[in-house]
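What follows is a set of notes on a single structure, which appears directly below.
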Amino acid sequence: MRAVCAALILVSASAASAQVAPSRFNPAAPENRQVIPAFSYQTVEAVLTQIGARFERRGTAERPALTVTFPNNRRAAILFGSCDRQGCKAISIQAVWTRPDNLPAERMATGIQAFNQRYAFSRAFITQDGRPALQRYLTADFGFIRGNLAVNLLVFANQAERFAVEVMRPAEASPR
């Protein structure tokens with residue numbers, strides 16, 4: 001497990017233009033083997049802190065959400081779903097960019113299609129209002145390993161960087 005986590009982080013970080021994993025993240029830390037029974041502010045925030053991300057609570061008690069800035073300065077929202085008193089059984093990690101005026105729609109669509117063919121980890125798409133977006137959906141119906149959540153968050157940050165470089169450039173706009 002430790003070797004897999006370390007390999008995933010190294011592969012995903014080295015393939016992007018920015019290093020994602022902060023030096024203080026330790027894939028071999030014993031807490032990474034803990035099972036998170038459900039997603040909640042407390043369980044997800046602990047992992048975000050562990051990987052060096054900054055976050056702010058958003059949403060309501062019924063529809064919790066976080067705004068996150070990852071160690072590589074890519075921003076995303078974490079939306080909690082399927083929630084009850086014990087916590088939430090799903091999270092959606094989403095990054096949305098303002099559509100650059102100098103990025104033709106057909107070039108953006110072609111770039112998104114190529115991105116989705118190249119990378120299966122997250123899904124790139126165009127929102128209903130025409131903005132480019134990236135999304136990863138995770139479920140914890142029977143719990144989620146804490147270290148796996150850390151790796152998923154780090155790889156998503158890496159994917160957001162790749163998306164910005166490969167699809168949005170040279171006309172990159174900051175994600176909202």
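There is at least one residue in region 83-98 that is outside any strand (DSSP E or B), under 24 Å from Ala164 (Cα atoms) and touching a residue at least 12 places away in the same chain (Cβ under 8 Å). Within region 136-155, if we keep just the residues that are in contact with a Ser or Thr (Cβ under 6 Å, 6 or more places away or on another chain) and of a type outside the set (D, E, K, R), the residue that is nearest to Ala29 (Cα to Cα) turns out to be Val155. Summed over region 89-144, residues that are among the polar types (S, T, N, Q) and closer than 17 Å to Val155 by Cβ total 6.
Suppose the filter is of a type outside the set (S, T, N, Q) and out of contact with any Phe, Trp or Tyr (no Cβ under 8 Å at 6 or more places or on another chain); does Ala28 pass it? Spell out the reasoning first.
Details: of a type outside the set (S, T, N, Q): yes; out of contact with any Phe, Trp or Tyr (no Cβ under 8 Å at 6 or more places or on another chain): yes.
Yes: the conditions hold for Ala28.
Residues in region 49-63 include at least one that is open to solvent by 80 Å² or more (accessible area, probe 1.4 Å), hydrophobic (A, V, I, L, M, F, W, C) and without any contact (Cβ under 8 Å) to a residue 40 or more places away in the chain.
Residue check: is Ile93 open to solvent by less than 20 Å² (accessible area, probe 1.4 Å) and at pLDDT 95 or above? Yes; evaluated as a whole, the condition is true for this residue.
Once region 166-176 is narrowed to residues that are loosely packed, with under 14 Cβ neighbours inside 10 Å and farther than 30 Å from Ala46 by Cβ, the residue that is modelled with the highest pLDDT is Arg169. For region 62-89, a residue qualifies if it is of a type in the set (A, V, I, L, M, F, W, C) and closer than 21 Å to Thr139 by Cβ, and the qualifying residues are Ala65, Leu66, Val68, Ala76, Ala77, Ile78, Leu79, Phe80, Cys83, Cys88. For region 118-158, which positions are closer than 20 Å to Thr67 by Cα, open to solvent by less than 20 Å² (accessible area, probe 1.4 Å) and part of a loop (DSSP other than H, G, I, E, B)? Selection gives Ser122 alone.
The values are calculated or read from the model by the stated rules, or taken from the named source; none is laboratory data. Just so you know, these numbers come straight off a predicted model, no measurement behind them. Positions of Cβ are backbone-derived with ideal geometry, glycine not excepted, and every protein chain shown enters the neighbour counts. Ligands, DNA and RNA are stripped out before the accessible areas are found, and what is left, the full protein with its side chains, is counted by its heavy atoms. Shrake-Rupley method; radii C 1.70, N 1.55, O 1.52, S 1.80 Å.
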